[in-house]
Amino acid sequence: MFKFRLQRILNHKEDIEKQKKEIFGALTIKLSEEEDILQAIEEERFATIKKSNHEKSTGNIVKLKYYDNYLKMLKERIERQIDVIERLKVEVEIAKLDMLDAVKETKAFEKIKEKDYEEYLYEEKKNEEKVIDSIVTFNTSKKDGE
């Protein structure tokens, strides 16, 4: 029966790979959520600009001042959200590289396991051939002795 000599290390590498994939996935989801938030803020800004432009025609200074302040606040939120997204993009890229490294390490050990298994099968076949040869030799010598 085949037993891989480095199975515990391979298991550990597989666990690490799984963790790295989960981290990458979670960060990717978080990035997507943050981009959705940015899009919602930008949509709110465009809607407010439309409302503000409409109020310009009415000449209501109080509402215009309100819209102006609100637009400034939305612009600041957009800038902060862009910063959050940029930081997350860096984190996602680092997590992606970590994950790819973990995948490479796991694959390297899987290749070693595959080669060890092929060598095991080769040795098993050689042993079977020896057993068959000895049986044939025994049977032949038994017939010759009769």
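Read the figures in this text as sums done on the coordinates, not as results from a lab. Remember, it's a predicted structure, so these values are computed and weren't measured experimentally. All Cβ positions, glycine included, derive from the backbone under ideal geometry; neighbour counts span all protein chains shown.
Here are the numbers for this structure:
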read-out	value
Among (1) 110; (2) 133; (3) 159, the entry derived from the coordinates for volume of the Cα convex hull per residue in Å³	(1)
Pairs beyond 23 Å (Cα-Cα), from Lys13/Lys89; Lys3/Lys111; Lys50/Lys75; Lys21/Lys75	Lys13/Lys89; Lys21/Lys75
Whole-angstrom gap from region 97-136 to region 42-56, using each part's C-alpha centre	68
Relative contact order computed over the chain (Cα-Cα under 8 Å; 6+ residues apart), in percent	42
Crossing angle, helix 61-145 versus the chain [Cα axis fit, 0-90 degrees, rounded to tens]	0
Proxy reagent accessibility, fewest Cβ within 10 Å first, across Ser52, Ser57	Ser57, Ser52
Residue-averaged [θ]222 nm for the chain, counting only DSSP H segments that reach four residues, each worth -39500 (n - 2.57)	-35500 deg cm²/dmol
Assigned charges on the beta-carbon of Lys, Arg, Asp, Glu; the chain dipole about Cα centre (debye)	700
Gain on full stretching of the segment that runs from Ile82 to Phe138 - 0.36 nm per residue minus C-alpha separation	11.9 nm
Cross-link partners of Lys130 among aspartates and glutamates (Cα-Cα below 20 Å; sequence separation of 8 or more within a chain)	Glu118, Glu119
